[in-house]
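Asks: Okay, here's the structure, questions in a sec.
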Amino acid sequence: METETILVDSNVNKEETYSQAVEMLQTGEVVAFPTETVYGLGADATNAEAVAKIFAAKGRPADNPLIVHVDSKESALNYVQNVGPKAIQCMETFWPGALTLILQTKPGVFAENVTASLSTVGIRVPNHPVALNLLKRVKLPIAAPSANTSGKPSPTLAEHVYHDMEGTIPLILDGGATMIGIESTVLDMTSEPPVILRPGKITKKDLEAVIGTVRLSSEIQGNIPKSPGMKYIHYAPEAPVYLIEKTDGLIEKAIAHVQNDGKKVAILSSEKHPSADYCFPLSAETLYASLRKCDQTDADLILAAISADANRSEAMMNRLEKAADHKWFS
Ligand code: TXA
Ligand code: MG
(Lines give C-alpha, C1' and ligand atoms only; values in the text may rest on other atoms or scores of the structure.)
(Ligands and ions follow the chains in the order given, each with its own letter.)
Protein backbone atom coordinates (compact mmCIF):
# COMPACT_ATOMS: atom_id res chain seq x y z
CA MET A 1 0.00 0.00 0.00
CA GLU A 2 1.15 3.52 -0.82
CA THR A 3 1.13 5.92 2.12
CA GLU A 4 0.06 9.42 1.07
CA THR A 5 0.74 12.53 3.16
CA ILE A 6 -1.41 15.64 2.88
CA LEU A 7 0.32 18.78 4.17
CA VAL A 8 -2.31 20.89 5.93
CA ASP A 9 -0.29 24.07 6.46
CA SER A 10 -2.43 27.17 5.71
CA ASN A 11 -5.34 25.04 4.38
CA VAL A 12 -6.50 24.13 7.87
CA ASN A 13 -10.04 25.44 7.34
CA LYS A 14 -10.45 24.31 3.72
CA GLU A 15 -12.93 21.57 2.90
CA GLU A 16 -10.58 19.80 0.42
CA THR A 17 -8.02 19.20 3.15
CA TYR A 18 -10.34 16.73 4.85
CA SER A 19 -12.46 15.19 2.06
CA GLN A 20 -10.17 12.23 1.39
CA ALA A 21 -9.62 11.50 5.10
CA VAL A 22 -13.36 11.71 5.82
CA GLU A 23 -14.20 9.32 3.00
CA MET A 24 -11.54 6.84 4.09
CA LEU A 25 -12.67 6.89 7.73
CA GLN A 26 -16.32 6.50 6.71
CA THR A 27 -15.45 3.49 4.57
CA GLY A 28 -13.46 1.64 7.23
CA GLU A 29 -9.90 2.78 6.52
CA VAL A 30 -7.35 4.10 9.01
CA VAL A 31 -5.98 7.67 8.81
CA ALA A 32 -3.26 9.31 10.92
CA PHE A 33 -3.89 12.87 12.12
CA PRO A 34 -2.33 15.35 14.56
CA THR A 35 -3.74 16.17 17.98
CA GLU A 36 -2.32 18.66 20.48
CA THR A 37 -0.57 15.80 22.33
CA VAL A 38 0.77 13.33 19.76
CA TYR A 39 -0.33 12.00 16.35
CA GLY A 40 -3.21 9.51 16.46
CA LEU A 41 -4.01 6.55 14.21
CA GLY A 42 -7.75 6.86 13.69
CA ALA A 43 -10.56 4.55 12.61
CA ASP A 44 -14.37 4.43 12.95
CA ALA A 45 -14.95 3.30 16.55
CA THR A 46 -18.25 1.66 15.57
CA ASN A 47 -16.63 -0.57 12.93
CA ALA A 48 -14.76 -3.61 14.32
CA GLU A 49 -12.99 -4.34 11.02
CA ALA A 50 -11.70 -0.77 10.77
CA VAL A 51 -10.53 -0.86 14.40
CA ALA A 52 -8.79 -4.20 13.79
CA LYS A 53 -6.65 -2.41 11.18
CA ILE A 54 -5.32 -0.09 13.92
CA PHE A 55 -4.21 -3.04 16.07
CA ALA A 56 -2.61 -4.70 13.03
CA ALA A 57 -0.77 -1.55 11.89
CA LYS A 58 0.64 -0.88 15.38
CA GLY A 59 1.25 -4.49 16.40
CA ARG A 60 -0.76 -3.60 19.50
CA PRO A 61 -1.86 -6.27 22.02
CA ALA A 62 -5.64 -6.79 21.76
CA ASP A 63 -6.15 -6.36 25.54
CA ASN A 64 -5.03 -2.71 25.40
CA PRO A 65 -8.13 -0.53 24.76
CA LEU A 66 -8.15 2.56 22.53
CA ILE A 67 -9.12 6.17 23.27
CA VAL A 68 -12.19 7.44 21.42
CA HIS A 69 -12.07 10.97 20.02
CA VAL A 70 -15.18 13.11 19.52
CA ASP A 71 -15.79 16.72 18.49
CA SER A 72 -17.65 17.95 21.62
CA LYS A 73 -19.02 17.17 25.05
CA GLU A 74 -22.48 16.78 23.47
CA SER A 75 -21.17 14.08 21.12
CA ALA A 76 -19.40 12.32 24.01
CA LEU A 77 -22.67 12.14 25.97
CA ASN A 78 -24.20 10.07 23.14
CA TYR A 79 -21.76 7.25 23.94
CA VAL A 80 -21.32 7.18 27.73
CA GLN A 81 -23.68 6.71 30.68
CA ASN A 82 -23.83 7.32 34.45
CA VAL A 83 -21.84 10.51 33.95
CA GLY A 84 -21.57 12.24 37.33
CA PRO A 85 -21.23 15.98 38.02
CA LYS A 86 -17.42 15.78 38.37
CA ALA A 87 -17.09 14.27 34.91
CA ILE A 88 -19.30 17.01 33.49
CA GLN A 89 -17.15 19.66 35.23
CA CYS A 90 -14.01 18.10 33.75
CA MET A 91 -15.53 18.13 30.26
CA GLU A 92 -16.58 21.75 30.61
CA THR A 93 -13.25 22.89 32.04
CA PHE A 94 -10.68 20.86 30.12
CA TRP A 95 -12.29 20.00 26.75
CA PRO A 96 -11.21 20.45 24.10
CA GLY A 97 -7.93 19.38 25.69
CA ALA A 98 -5.44 16.78 26.79
CA LEU A 99 -7.69 14.95 29.26
CA THR A 100 -9.08 11.47 28.60
CA LEU A 101 -11.97 10.48 30.84
CA ILE A 102 -12.70 6.84 31.64
CA LEU A 103 -16.47 6.47 31.79
CA GLN A 104 -19.04 3.70 31.44
CA THR A 105 -19.94 3.12 27.83
CA LYS A 106 -23.52 2.73 26.67
CA PRO A 107 -23.87 -0.90 25.66
CA GLY A 108 -23.36 -1.67 21.98
CA VAL A 109 -22.26 1.79 20.78
CA PHE A 110 -18.60 0.90 20.11
CA ALA A 111 -17.04 -2.10 18.42
CA GLU A 112 -15.88 -4.52 21.13
CA ASN A 113 -12.21 -4.31 20.13
CA VAL A 114 -12.17 -0.55 20.93
CA THR A 115 -12.69 -1.17 24.65
CA ALA A 116 -11.01 -4.61 24.77
CA SER A 117 -14.45 -5.80 25.95
CA LEU A 118 -14.35 -3.58 29.10
CA SER A 119 -17.58 -1.87 30.20
CA THR A 120 -15.69 1.45 30.27
CA VAL A 121 -14.20 3.65 27.55
CA GLY A 122 -11.54 6.35 27.42
CA ILE A 123 -12.93 9.40 25.61
CA ARG A 124 -11.69 12.91 24.83
CA VAL A 125 -12.15 16.00 22.65
CA PRO A 126 -8.72 16.91 21.24
CA ASN A 127 -7.67 20.55 21.09
CA HIS A 128 -6.15 20.71 17.64
CA PRO A 129 -7.73 22.46 14.63
CA VAL A 130 -6.94 19.58 12.25
CA ALA A 131 -8.35 16.93 14.60
CA LEU A 132 -11.45 19.02 15.35
CA ASN A 133 -12.09 19.84 11.70
CA LEU A 134 -11.78 16.17 10.83
CA LEU A 135 -14.05 14.98 13.68
CA LYS A 136 -16.74 17.57 12.84
CA ARG A 137 -16.82 16.42 9.22
CA VAL A 138 -16.59 12.68 9.72
CA LYS A 139 -19.54 12.60 12.17
CA LEU A 140 -18.31 9.38 13.77
CA PRO A 141 -16.53 8.62 17.04
CA ILE A 142 -12.90 7.95 16.07
CA ALA A 143 -10.80 5.43 17.98
CA ALA A 144 -7.20 6.60 17.91
CA PRO A 145 -4.18 5.40 19.83
CA SER A 146 -0.84 7.11 19.29
CA ALA A 147 0.28 6.47 15.68
CA ASN A 148 3.56 4.69 16.54
CA THR A 149 4.54 1.05 16.27
CA SER A 150 3.68 -0.53 19.63
CA GLY A 151 6.52 0.03 22.14
CA LYS A 152 8.13 2.91 20.20
CA PRO A 153 8.03 6.58 21.23
CA SER A 154 4.78 8.31 20.26
CA PRO A 155 4.95 10.43 17.10
CA THR A 156 5.12 14.20 17.46
CA LEU A 157 5.77 14.86 13.75
CA ALA A 158 4.11 13.46 10.60
CA GLU A 159 7.51 12.08 9.56
CA HIS A 160 7.59 9.94 12.73
CA VAL A 161 4.26 8.43 11.65
CA TYR A 162 5.58 7.90 8.13
CA HIS A 163 8.67 6.18 9.50
CA ASP A 164 6.60 3.69 11.50
CA MET A 165 3.57 3.27 9.21
CA GLU A 166 4.87 3.59 5.63
CA GLY A 167 3.20 0.97 3.44
CA THR A 168 0.79 0.00 6.24
CA ILE A 169 -1.71 2.89 6.24
CA PRO A 170 -3.12 4.88 3.29
CA LEU A 171 -3.09 8.47 4.60
CA ILE A 172 -1.39 10.87 7.01
CA LEU A 173 -2.62 14.43 7.62
CA ASP A 174 0.52 16.46 8.32
CA GLY A 175 -0.33 19.29 10.70
CA GLY A 176 3.26 19.98 11.78
CA ALA A 177 4.72 19.39 15.23
CA THR A 178 2.25 18.61 18.01
CA MET A 179 2.19 21.23 20.75
CA ILE A 180 2.32 19.23 24.00
CA GLY A 181 4.42 16.26 22.89
CA ILE A 182 3.21 13.82 25.58
CA GLU A 183 -0.04 11.82 25.61
CA SER A 184 -3.15 13.03 27.41
CA THR A 185 -3.78 12.64 31.13
CA VAL A 186 -6.03 9.60 31.66
CA LEU A 187 -8.50 10.10 34.53
CA ASP A 188 -10.69 7.24 35.74
CA MET A 189 -14.07 8.72 36.65
CA THR A 190 -15.53 5.32 37.58
CA SER A 191 -13.61 5.39 40.92
CA GLU A 192 -14.37 7.73 43.81
CA PRO A 193 -12.24 9.77 44.24
CA PRO A 194 -11.22 9.73 40.57
CA VAL A 195 -7.81 8.22 39.79
CA ILE A 196 -5.10 9.43 37.39
CA LEU A 197 -4.12 6.31 35.44
CA ARG A 198 -1.62 8.12 33.22
CA PRO A 199 -0.09 11.52 34.08
CA GLY A 200 -0.04 14.21 31.41
CA LYS A 201 0.09 17.96 30.88
CA ILE A 202 -3.11 18.40 32.91
CA THR A 203 -1.86 17.69 36.43
CA LYS A 204 -3.35 16.41 39.69
CA LYS A 205 -3.26 20.02 40.91
CA ASP A 206 -5.13 21.29 37.84
CA LEU A 207 -7.81 18.62 38.32
CA GLU A 208 -8.12 19.11 42.08
CA ALA A 209 -8.75 22.82 41.58
CA VAL A 210 -11.93 21.83 39.72
CA ILE A 211 -13.22 18.56 41.23
CA GLY A 212 -11.46 18.21 44.59
CA THR A 213 -9.46 15.17 45.66
CA VAL A 214 -7.90 13.08 42.90
CA ARG A 215 -5.56 10.14 43.48
CA LEU A 216 -2.56 8.95 41.47
CA SER A 217 -2.70 5.27 40.54
CA SER A 218 0.95 5.02 41.67
CA GLU A 219 -0.14 6.01 45.22
CA ILE A 220 -2.68 3.23 45.49
CA GLN A 221 -0.75 0.34 46.98
CA GLY A 222 -1.38 -3.20 45.94
CA ASN A 223 -3.81 -2.13 43.25
CA ILE A 224 -3.59 -3.92 39.91
CA PRO A 225 -3.01 -1.45 37.08
CA LYS A 226 -6.41 -0.35 35.81
CA SER A 227 -5.05 1.18 32.64
CA PRO A 228 -4.07 -1.91 30.67
CA GLY A 229 -1.62 0.04 28.51
CA MET A 230 0.57 1.02 31.44
CA LYS A 231 1.86 -2.53 31.95
CA TYR A 232 3.61 -2.67 28.57
CA ILE A 233 7.14 -1.43 27.86
CA HIS A 234 6.80 1.91 26.16
CA TYR A 235 8.60 4.76 24.52
CA ALA A 236 11.75 2.71 24.05
CA PRO A 237 14.46 3.53 21.51
CA GLU A 238 16.88 0.81 20.31
CA ALA A 239 19.78 1.60 22.68
CA PRO A 240 19.26 1.21 26.45
CA VAL A 241 18.26 4.41 28.27
CA TYR A 242 19.63 5.28 31.73
CA LEU A 243 18.51 8.15 33.91
CA ILE A 244 21.33 10.19 35.43
CA GLU A 245 21.24 12.90 38.03
CA LYS A 246 22.27 16.34 36.85
CA THR A 247 24.80 16.88 39.62
CA ASP A 248 28.26 18.41 39.27
CA GLY A 249 30.59 16.41 37.10
CA LEU A 250 28.56 13.17 37.22
CA ILE A 251 27.48 13.37 33.58
CA GLU A 252 31.00 14.15 32.33
CA LYS A 253 32.33 11.22 34.37
CA ALA A 254 29.68 8.91 32.93
CA ILE A 255 30.48 10.02 29.37
CA ALA A 256 34.20 9.32 29.88
CA HIS A 257 33.41 5.94 31.47
CA VAL A 258 31.24 4.79 28.53
CA GLN A 259 33.69 6.09 25.95
CA ASN A 260 36.60 4.33 27.71
CA ASP A 261 34.77 1.07 27.01
CA GLY A 262 34.87 1.97 23.30
CA LYS A 263 31.17 2.78 23.28
CA LYS A 264 29.23 5.77 21.99
CA VAL A 265 26.90 7.75 24.19
CA ALA A 266 23.95 10.02 23.44
CA ILE A 267 22.87 12.56 26.06
CA LEU A 268 19.35 13.91 26.43
CA SER A 269 19.62 17.15 28.34
CA SER A 270 18.43 20.73 28.52
CA GLU A 271 22.12 21.65 28.48
CA LYS A 272 24.92 21.02 25.95
CA HIS A 273 27.51 18.29 26.56
CA PRO A 274 30.19 18.68 23.87
CA SER A 275 32.13 15.62 25.07
CA ALA A 276 29.17 13.29 24.35
CA ASP A 277 28.99 11.64 20.92
CA TYR A 278 25.46 12.97 20.49
CA CYS A 279 23.36 15.48 22.42
CA PHE A 280 19.62 16.07 21.99
CA PRO A 281 17.22 18.42 23.80
CA LEU A 282 15.16 17.19 26.74
CA SER A 283 11.77 18.69 27.62
CA ALA A 284 8.20 17.35 27.57
CA GLU A 285 7.78 18.77 24.05
CA THR A 286 11.01 17.30 22.66
CA LEU A 287 11.32 13.99 24.55
CA TYR A 288 9.88 11.68 21.90
CA ALA A 289 11.57 13.39 18.95
CA SER A 290 14.91 13.17 20.81
CA LEU A 291 14.42 9.47 21.61
CA ARG A 292 13.71 8.88 17.91
CA LYS A 293 16.81 10.87 16.92
CA CYS A 294 18.89 8.52 19.08
CA ASP A 295 17.66 5.66 16.87
CA GLN A 296 19.25 7.38 13.88
CA THR A 297 22.68 7.35 15.52
CA ASP A 298 25.09 4.53 16.40
CA ALA A 299 24.92 5.39 20.12
CA ASP A 300 25.28 2.28 22.32
CA LEU A 301 23.78 3.95 25.35
CA ILE A 302 21.48 6.89 26.09
CA LEU A 303 21.76 9.02 29.23
CA ALA A 304 18.81 11.22 30.19
CA ALA A 305 19.92 14.08 32.46
CA ILE A 306 17.42 14.62 35.26
CA SER A 307 17.44 17.60 37.59
CA ALA A 308 16.06 17.47 41.12
CA ASP A 309 13.92 20.47 40.12
CA ALA A 310 10.54 20.45 41.86
CA ASN A 311 9.03 22.03 38.76
CA ARG A 312 10.06 19.27 36.39
CA SER A 313 7.24 17.74 34.39
CA GLU A 314 5.66 14.79 36.16
CA ALA A 315 4.37 13.46 32.84
CA MET A 316 7.81 13.63 31.23
CA MET A 317 9.38 11.79 34.20
CA ASN A 318 6.71 9.10 33.95
CA ARG A 319 7.54 8.47 30.25
CA LEU A 320 11.31 8.69 30.83
CA GLU A 321 11.19 6.19 33.69
CA LYS A 322 9.38 3.78 31.38
CA ALA A 323 11.80 4.36 28.51
CA ALA A 324 14.66 3.63 30.95
CA ASP A 325 12.81 0.75 32.60
CA HIS A 326 13.63 2.66 35.85
CA LYS A 327 17.40 2.17 35.40
CA TRP A 328 19.71 4.84 36.87
CA PHE A 329 23.32 5.19 35.75
CA SER A 330 25.75 4.56 38.61
O1 TXA B 1 -2.94 11.96 23.88
C2 TXA B 1 -3.46 10.86 23.70
O3 TXA B 1 -4.19 10.34 24.55
C4 TXA B 1 -3.19 10.16 22.36
C5 TXA B 1 -3.82 10.98 21.25
C6 TXA B 1 -3.75 10.32 19.91
O7 TXA B 1 -5.15 11.28 21.59
N8 TXA B 1 -3.70 8.83 22.38
C9 TXA B 1 -3.12 7.83 23.12
O10 TXA B 1 -3.72 6.60 23.00
O11 TXA B 1 -2.15 7.99 23.82
P12 TXA B 1 -3.04 5.23 23.43
O13 TXA B 1 -3.95 4.19 22.90
O14 TXA B 1 -1.64 5.17 22.96
O15 TXA B 1 -3.15 5.21 24.99
C16 TXA B 1 -4.40 4.94 25.61
C17 TXA B 1 -4.21 4.69 27.08
C18 TXA B 1 -3.63 3.32 27.33
O19 TXA B 1 -2.75 3.38 28.43
C20 TXA B 1 -4.88 2.50 27.64
O21 TXA B 1 -4.60 1.35 28.39
C22 TXA B 1 -5.73 3.51 28.40
O23 TXA B 1 -5.49 4.73 27.73
N24 TXA B 1 -7.16 3.18 28.32
C25 TXA B 1 -7.96 3.22 27.24
N26 TXA B 1 -9.21 2.81 27.55
C27 TXA B 1 -9.21 2.51 28.87
C28 TXA B 1 -10.18 2.02 29.79
N29 TXA B 1 -11.44 1.76 29.42
N30 TXA B 1 -9.82 1.85 31.07
C31 TXA B 1 -8.56 2.13 31.47
N32 TXA B 1 -7.59 2.58 30.64
C33 TXA B 1 -7.90 2.77 29.36
MG1 MG C 1 0.43 4.91 22.81
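The values are calculated or read from the model by the stated rules, or taken from the named source; none is laboratory data. Quick caveat: nothing in here was measured; it's all calculated off a predicted structure. Glycine also receives a Cβ, built like all others from the backbone with ideal geometry; neighbour counts cover every protein chain displayed. Accessible surface areas use protein heavy atoms only, side chains included; no ligands, DNA or RNA. Shrake-Rupley method; radii C 1.70, N 1.55, O 1.52, S 1.80 Å.
Asks: Considering only protein heavy atoms and a probe of 1.4 Å, how much of the accessible area of the chain is carbon and sulfur, as a whole percent?
Replies: Accessible surface attributable to carbon and sulfur in the chain totals 50 percent.
Asks: Between His234, His163, His128, where does the largest GNM mean-square fluctuation fall for the chain, given springs only between Cα atoms within less than 10 Å?
Replies: Largest GNM mean-square fluctuation: His163.
Asks: Right, next: Could you tell me the calculated FRET efficiency between Glu112 and Glu271, based on Cβ-Cβ distance and R0 = 51 angstrom, to the nearest 0.05?
Replies: 0.55
Asks: Considering only protein heavy atoms, what per residue accessible area in square angstrom results for the chain with a 1.4 angstrom probe?
Replies: Accessible surface, normalised per residue, equals 44 Å².
Asks: Going from most exposed to least, what order do Lys205, Lys86 have by accessible area with a 1.4 Å probe?
Replies: Lys205, Lys86
Asks: A further question follows. Starting at the first residue of region 189-203, write each ³J(HN,Hα) from the Karplus equation 6.51 cos²θ - 1.76 cosθ + 1.60 with θ = phi - 60°, in whole Hz, x for Gly and Pro.
Replies: 8, 8, 9, 10, x, x, 10, 7, 8, 9, x, x, 4, 7, 8
Asks: For the chain, what does the relative contact order come out to in percent, with C-alpha contacts under 8 Å and a separation of six or more?
Replies: 20
Asks: Please work out how much accessible surface Met24 shows to a 1.4 Å probe, ignoring ligands, DNA and RNA, in Å² rounded to 10.
Replies: The value for Met24 is about 40 Å².
Asks: How much accessible surface area, in Å² rounded to 10, belongs to the heavy atoms of Lys14 with a 1.4 Å probe?
Replies: Per-residue accessible area (Lys14): approximately 100 Å².
Asks: Right, something else. Measure nothing fancy, just the Cα-based angle from helix 314-323's long axis to the longest principal axis of the chain, in degrees from 0 to 90, nearest 10.
Replies: Roughly 70 degrees, rounded to the nearest 10.
Asks: Right, next: Over the heavy atoms of Cys279, what accessible area does a 1.4 Å probe trace out, to the nearest 10 Å²?
Replies: Roughly 50 Å² of Cys279 is accessible to a 1.4 Å probe.
Asks: Something else about it: Sort Thr35, Thr213 by heavy-atom solvent-accessible area, probe 1.4 angstrom, most to least. Write out the running numbers ahead of the final one.
Replies: Working: Thr35 5, Thr213 90 Å².
Largest to smallest exposure gives the sequence Thr213, Thr35.
Asks: Also: My understanding is that a pair violates if its Cα-Cα distance is over 18 Å; which of Lys86/Lys204; Lys272/Lys322; Lys86/Lys136; Lys14/Lys53 do that in this structure?
Replies: Beyond 18 Å between Cα atoms: Lys272/Lys322; Lys86/Lys136; Lys14/Lys53.
Asks: Is region 176-330 best put as rounded, prolate or oblate by its Cα gyration tensor, with a ≥ b ≥ c the root eigenvalues, rounded for a/c under 1.5, and otherwise prolate when a/b is larger than b/c, oblate when not?
Replies: prolate
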